[in-house]
1. Considering only residues that are over 11 Å from the mean Cα position of the chain (by Cα) and closer than 28 Å to VAL6 by Cα, which ones fall in segment 20-59?
2. Check LEU54 against each of (1) in a loop (DSSP other than H, G, I, E, B); (2) open to solvent by less than 90 Å² (accessible area, probe 1.4 Å); (3) not hydroxyl-bearing (Ser, Thr, Tyr) and name the one condition it does not meet.
3. Under 8 Å between Cβ atoms, which residue pairs at least 6 apart in sequence (or on different chains) link something in segment 4-24 that is farther than 14 Å from ALA53 by Cβ with a partner that is β-branched (Val, Ile, Thr) and surrounded by 12 or more Cβ atoms within 10 Å (Cβ to Cβ)?
4. Of a type in the set (Lys, Arg), modelled with pLDDT of 90 or more and outside any helix (DSSP H, G or I): which single residue out of LYS4, LYS41 fits that description?
5. For the structure I just gave you, tell me whether VAL64 is open to solvent by 60 Å² or more (accessible area, probe 1.4 Å) and modelled with pLDDT under 90.
6. Quick check on my filter: what residues within segment 1-51 are among the charged types (D, E, K, R), open to solvent by 60 Å² or more (accessible area, probe 1.4 Å) and closer than 26 Å to SER67 by Cβ?
7. Being modelled with pLDDT of 95 or more, touching a Leu at 6+ places or on another chain (Cβ under 7 Å), of a type in the set (A, V, I, L, M, F, W, C) and part of a helix (DSSP H, G or I) is true for just one of ALA20, ALA29. Which residue is that?
Amino acid sequence: MGLKLVPEVRRAWRWFSVQAMTLAGSLQAAWLAVPDDLRIKVPGVMVHVITIALLVAGIVGRLVQQSSKDGK
């Protein structure tokens, strides 16, 4: 059983699931770049909750049929 790309792989960046998971990764990377003195002012658990919510939204977005503007 080999890996096979989805037929519309070139349009994957438009999918909500890809966008949500990209945002989750970007949020974690940005959080690591925030200086410690600013990080203290924002509860770390909030960043983790938002990240988890984005990942769950990405899974849901992958399971839900998404229609495109061009009708495909």
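1. Within segment 20-59, just ALA29 meets the criteria.
2. (1)
3. Once the first residue is farther than 14 Å from ALA53 by Cβ and sits in segment 4-24, its partners that are β-branched (Val, Ile, Thr) and surrounded by 12 or more Cβ atoms within 10 Å (Cβ to Cβ) give ALA12/VAL18.
4. LYS41
5. yes
6. LYS4, GLU8, ARG10, ARG14
7. None of the other options fit; the residue is ALA20.
The values are calculated or read from the model by the stated rules, or taken from the named source; none is laboratory data. Worth saying up front: this structure is predicted, and the values here are computed from it rather than measured. Every residue, glycine as well, gets a Cβ built from its backbone with ideal geometry; the counts of neighbours run over all protein chains shown. Ligands, DNA and RNA are stripped out before the accessible areas are found, and what is left, the full protein with its side chains, is counted by its heavy atoms. Shrake-Rupley method; radii C 1.70, N 1.55, O 1.52, S 1.80 Å.
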